[in-house]
1. Residues with amide H under 5 Å of A35's amide H, sequence separation 5 or more or different chain, H placed in the peptide plane at 1.01 Å from N; which?
2. Probe radius 1.4 Å, ligands and nucleic acids ignored: give me the carbon and sulfur share of the accessible area of segment 230-354 as a rounded percent.
3. Need one number: nm distance between label points at K193 and E229, each 7 Å from Cα along Cα→Cβ, rounded to one decimal.
4. Roughly speaking, what is the stretch gain from N180 to N245, that is 0.36 nm per residue apart minus the C-alpha to C-alpha distance, in nm to one decimal?
5. Return the distance in nm (one decimal) between the two label points of a simple spin-label model at T51 and Q309, each offset 7 Å from Cα along Cα→Cβ.
6. Which FRET efficiency, nearest 0.05, do D335 and D204 yield, Cβ-Cβ r, R0 60 Å?
7. Can you spot the lysines whose alpha carbon is less than 30 Å from K436's alpha carbon? Ignore those fewer than 8 places along the same chain.
8. Tell me, what is the 1.4 Å probe accessible area of I66, in Å² to the nearest 10?
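The values are calculated or read from the model by the stated rules, or taken from the named source; none is laboratory data. Quick caveat: nothing in here was measured; it's all calculated off a predicted structure. So basically every Cβ, Gly included, is an ideal-geometry build from the backbone, and we count neighbours across all protein chains shown. Note: accessible area is taken over every heavy atom of the protein model, side chains too, but ligands, DNA and RNA are not part of it. Shrake-Rupley method; radii C 1.70, N 1.55, O 1.52, S 1.80 Å.
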Amino acid sequence: MLQINRFYRSLFSLLAVLIYLLSTQLTLAQGRRIAIVRDAEIESLLKDYATPIFKVAGLQSKGIEIVLVNDNNFNAFVSGRRVFINTGAIVQASTPNEIIGVIAHEAGHLAGNHQERLRAQLDASRTLAIVGMLLGAGALVAGSTSNSNGATSAGGAIIASAPTIATRSVLNYKRGEEINADTAALKYLNKTKQSANGMLKTFDRFAQQLALAGVRPNPYKLSHPLPRERINLLEKGAKQSKYFNKKDPKALQARHNMARAKIAAFAGGLPAIQRLFKSSPNSVPALYGRAIALDNSGRSNEALKILNQLIKKQPKNAYLYELRGEVQLKLRQADQAVKSFATAVKLDRSKSGLIKARLGFAYVATGNRANAKKAVSALRAGLQTNPNNFNAYRTLSNAYALAGDVGEAELAMAEGHFRAGNSRDAKVFAGRAVQKLIPGKPSWQRAKDILTVGN
Ligand SMILES: [Zn+2]
């Protein structure tokens, strides 16, 4: 009897392993592309979450980049020098501390060089292409102009550089490395005087979900195995800290709420905003989310009214002006949009190139030749901080066309395609640029370089 029991038990666990492997294989077989979203507000927030942690982890000088992934699942992982965080993680986290805890854990992996050991496994695994796009109206507006100059963009989504990320590297974390990453995370959170409660809450939630039979494994659970012993260790360490009950600063929580509202509005429209802010339907983030959802569903006039009210309440919030600029562009109020984006650029403490590029776009949208130079300089400034923004190159091309400089317009397209790794189109535009630019000038030389380099 005992033996039969044991037989069934081992059969059962074998089945469980098979189901686990099958679901992993399915995820791999989909050959999923990772959609990267760019947004000045959320990028600045994540940077503020991560900077103190990276500093105490000794990662500050290593140029670690935080990348936002357009995915509703709660997930975060490291690959190369990048920490990827899903938009879904931000929406599901009710406090900044929960995301900061996850970043601390990922920083633990990075600082422990856990990746290096996994790199050997990369060859056999599938690669994922990265699709970059702008979160927000900007992408749609930029996409709608693509027909006029033959850019290979669909709906504003563009192929950015395509670094190869191997899914298996993400999935094959070792249990020991998880505990090491947790231990490191606890240390970083203590050193930055923050609570580990958020991290504990996140991992505990996943561990409980894992215990339920039949639940489709969340990618985060696959990439970060969660045995009970690990949670117990984490809980013990977290509660030992004198910062365990410490709350996030109010200003940071307020920014987090705005980011959640923005993502929820883009992903789920008005119903998602109503769900998320059931208890506070007239709060600033609820109205912000409402404005975004309204604008996305073609009700831009209503969105504009709400934004004007919010700007009265928060006249120093750069992102309210940025969003108002997008709404005004949709309403074909380009001159007003220029003013909104210019204010946003002035107020944006993170100096994001994305907003500068949108200012350039608004100048071009006025169709006024007198604005062409201002457009070029705003776009150049934007590209200096965000050199891989393909949309900005396309707008730069339009700005030169508005100024009547066809050679520079062709070169801007060539440069954009070149940086996006699209060398065939880059050469087509560079070839046209060479014919129209003055031989010997730096821009002519650049066009020549694009023609000869980068196959
Ligand atoms: Zn992990």
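1. Close amide H contacts, sequence-distant or interchain: N70, V131.
2. On the way: 3400 of 6550 Å².
Its accessible area is 52 percent carbon and sulfur atoms.
3. With each label placed 7 Å out from Cα toward Cβ, I get 3.7 nm.
4. On the way: separation 65, 0.36 × 65 = 23.40 nm, distance 2.34 nm.
Fully extending the segment from N180 to N245 adds 21.1 nm.
5. Those two pseudo-labels are separated by 3.3 nm.
6. Numbers: r = 53 Å, r/R0 = 0.88.
Using R0 = 60 Å, I get an efficiency of 0.70.
7. K356, K373, K374, K427, K448
8. 40 Å²
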